[in-house]
Amino acid sequence: MSNTLTRLQRIAAKLSARALLIGAVGFATASAVVASLSPEVRADAFAERVPSAETRPEAEADRTWSNLGEALDALTAQAAPSDTTPAPIDPGAAPQLLWLETAPQAAKVRILFLPKDEAAVERPNRPETERLTVTGAYSSGDRFGPEGFVLRHGVALNPRPQGWDGLLLVGAQGGASLHDVSRVEIEDERYDLRDPESRQDFLNRAAREDFSAIQSHLLINEGALDLKPYDGAPSFRRRLLFETVDGRLGLFDTSPTPTTLYEAAAELQARIPTTRMALNLDMGTYDFCVWRRPGERKLCGLLTAPNKQKLTNLIEFELPTPGDDGAQ
């Protein structure tokens, strides 16, 4: 009997070892496939999470969209229809230009983190102010918070950057700028957030100077397209935050035309040739955009209100009053 038990234990051990080996090979294969995807493919797989949380079972609503099967499905699926109707955007100075600063640092920028900053989103508008608020970085599938490197008033909510290259950095007084995470330049200092020592130096400075920051895909880097077209790329409505060579910020919205990420970036570059950097903002069923003027609240996105069950962060641009250049 003891010999039989020993023999059975040996067989079970061999079967377990084979199962582990098969699992390891499968994981390595899946990882290799994901790693081989181009940045623009990974951007679409992450940014366009489908179906929406409203149409998925509650048990699935808290899952992240990180596994290979869901990522590949998201590349070819359209976002689930929303129960809200998108309002037309204000075209501004060009058909797809939502907004452009009149001068560098003219707008006061804030990154609002939900639910902590929820009261600030729909606060009564002061008579002399005009504000534009849009969805910012990607939200995690479990609604834990924004994905990627995150700072809130000098406190690191997530000190480790994702593989994306883009960073929105906001100072204590509301001045904002776009950077490549590997070369964040502030005055005469340069920081590489992928280098642990340099990142710690940056975090120390951020704590002293009350920086806020979020991370996303960088589509235009120092005036050059930072992605390439690929066959079968999905088309969606896109919104890009960009910075010109003279330091002005702007928002570019492809509505009502669905485009690929590459097409959106190329269109922005063609329309605004002085674009130096461009960052992809979260869209799909996460699309919140509202423009508040004195006595007026105009929707420019899918969501009629900031859904605290879905959104984790917003970017607010407080525009200067007429006759004020807003320079800080």
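Restricting the search to segment 157-170, which residues are hydrophobic (A, V, I, L, M, F, W, C) and open to solvent by 40 Å² or more (accessible area, probe 1.4 Å)? Across segment 157-170, the qualifying residue is only 157. Only one of the numbered conditions (1) under 24 Å from residue 107 (Cβ atoms); (2) touching a helix residue (DSSP H, G or I) at 6+ places or on another chain (Cβ under 9 Å) is not met by residue 163, and that is (1). Out of (1) open to solvent by 70 Å² or more (accessible area, probe 1.4 Å); (2) closer than 24 Å to residue 225 by Cα, the odd one out for residue 173 is which? Answer for residue 173: the failing condition is (2). Scanning segment 268-286 for residues that are among the aliphatic types (A, V, I, L, M), open to solvent by 20 Å² or more (accessible area, probe 1.4 Å) and not in a loop (DSSP other than H, G, I, E, B) gives a single hit, 270. Out of 298, 310, I need the residue that is assigned to a strand (DSSP E or B) and surrounded by fewer than 23 Cβ atoms within 10 Å (Cβ to Cβ). Which one? Residue meeting the stated conditions: 298.
Applying a threshold of 7 Å to beta carbon distances and a minimum spacing of six or more residues, or different chains, the list of pairs starting in segment 179-204 at a residue that is small (Gly, Ala, Ser) and ending at one that is open to solvent by 80 Å² or more (accessible area, probe 1.4 Å) reads 182/194.
All conditions but one from (1) open to solvent by less than 50 Å² (accessible area, probe 1.4 Å); (2) within 23 Å of residue 160 (Cα to Cα); (3) not basic (Lys, Arg) apply to residue 289; the one that does not is (2). Within segment 238-259, the set of residues being within 19 Å of the chain's Cα centre (by Cα) and surrounded by fewer than 21 Cβ atoms within 10 Å (Cβ to Cβ) comprises 258, 259. Is it true that some residue in segment 193-202 is open to solvent by less than 10 Å² (accessible area, probe 1.4 Å) and touching an Asp or Glu at 6+ places or on another chain (Cβ under 8 Å)? Checked against the condition, which is being open to solvent by less than 10 Å² (accessible area, probe 1.4 Å) and touching an Asp or Glu at 6+ places or on another chain (Cβ under 8 Å), segment 193-202 yields no hits at all.
The values are calculated or read from the model by the stated rules, or taken from the named source; none is laboratory data. Computed from a predicted model, the values in this text were never measured in an experiment. Cβ sites come from the backbone with ideal geometry, for glycine too, and all protein chains shown count toward neighbours. Side chains are part of the model used for accessible areas, which takes the heavy atoms of the whole protein and leaves out ligands, DNA and RNA. Shrake-Rupley method; radii C 1.70, N 1.55, O 1.52, S 1.80 Å.
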